[in-house]
Amino acid sequence: MARPEDDIIDDKPMPLLDHLIELRTRLIWSAVAFVGCFIAAYFVSDHIYYFLAEPLAAVLREQGNPDPHLIYTQLYEAFFTKIKVAFFGGAFIAFPVVATQIWLFVAPGLYRSEKRALLPFLVATPVLFFLGAALAYYFVFPFAWRFFASFQSNTGGGGVPIELLPKVGEYLDLVMKLIFAFGITFQLPVALTLLAKVGIVNSAMLKKYRRYAIVGMFVIAAILAPPDVITQIGLAVPLIALYEISIISAKWVEPKPVEV
């Protein structure tokens, strides 16, 4: 199909070496942005740590622990945990800059119509990521931590109390893993809609394989989430809802059959 005259590529031919130089420039800017954000996040890592630990602290306070705290059992564990927290915060802060550098590298090779078509997806990607992270933090964590903490006992077996003493490294590893897992899996509508846009899948195909997709959602949840039903369902159910949304959005963007 012929393109309109104003639908052009805002770029000029470049030799391979110039493309590699351009790629190196974008990678350098991305690396500088990440390192800068990492350093900034390191100096406020205590605040980030408090934010990530608050869901567990709130649950422990509910269960009668007036002074909830996390422990570490190796000399270097607290230091490397602070590095992980700074890495986590730096990645979040630097994401818009890195995404912009990727766009600046790719955009010159796209037609204007393709840029307009991709713009909604560029906006939806960070929004969906933060929605997934917010769902994990504000909904899944309180229910999951409350479930795990309920196994504490003042009497225990044979009069020996059972008390929850979470390690700071293990807890933050779990929290950051779940936040990233929820954020990434919430990109499902973006991925499926893009595939529908280029004609690889369509809404009819997504409807046909819905039952297999639902099973796949629970398998993904079982792999990414801890081995408890609450967290797995908390990830699988939103994924199923996002799959249904993907069917609708795929219907909107999929190429329409050409009438003869």
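Numbers at a glance
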read-out	value
Loop-located chymotrypsin sites (Phe, Trp or Tyr not before Pro) in the range 34-96 whose Cβ has at most 11 other Cβ within 10 Å (DSSP)	Tyr76
Net +/- balance of residues flanking Tyr243 in space, Cβ distance below 15 Å, scoring K and R +1, D and E -1	+4
Protection proxy ranking, peptides 213-225, 57-69, 181-193, average beta carbon neighbours within 10 Å, highest first	181-193, 213-225, 57-69
The chain: DSSP helices with Cα axial extent of at least 18 Å and average Kyte-Doolittle hydropathy no lower than 1.6	210-224
Cα-Cα pairs of the range 28-70 separated by more than 14 Å (percent)	60
Potential lengthening between Ala241 and Glu170 on full extension [0.36 nm per residue; Cα-Cα distance subtracted]	22.5 nm
Within-13-Å neighbourhood charge of Gly169 [Cβ basis; K, R +1; D, E -1]	+1
Label-point separation in nm, Val32 to Trp252, each point 7 Å along Cα→Cβ	3.8
Simple label model, 7 Å out from Cα along Cβ direction - Leu23 to Leu119, nm	2.9
Shape box of the range 24-174 [Cα atoms, principal axes, largest first, Å]	73, 33, 21
Residue-span extension gain [Trp103 to Ser153] - 0.36 nm each, minus C-alpha spacing	12.6 nm
Lysine pairs meeting the criterion (Cα under 27 Å, 8 or more apart or interchain), as found in the chain	18
DSSP-assigned coil residues among trypsin sites (Lys or Arg not before Pro) in the range 177-212, each with at most 10 further Cβ atoms within 10 Å	none
Potential lengthening between Ile39 and Ile184 on full extension [0.36 nm per residue; Cα-Cα distance subtracted]	49.8 nm
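Values in this text are rule-based calculations from the coordinates and carry no lab data. Treat the numbers as computed from the prediction; the structure is a model and nothing was measured. Reconstructed Cβ throughout: ideal geometry from the backbone, glycine too, with neighbour counts over all protein chains shown.
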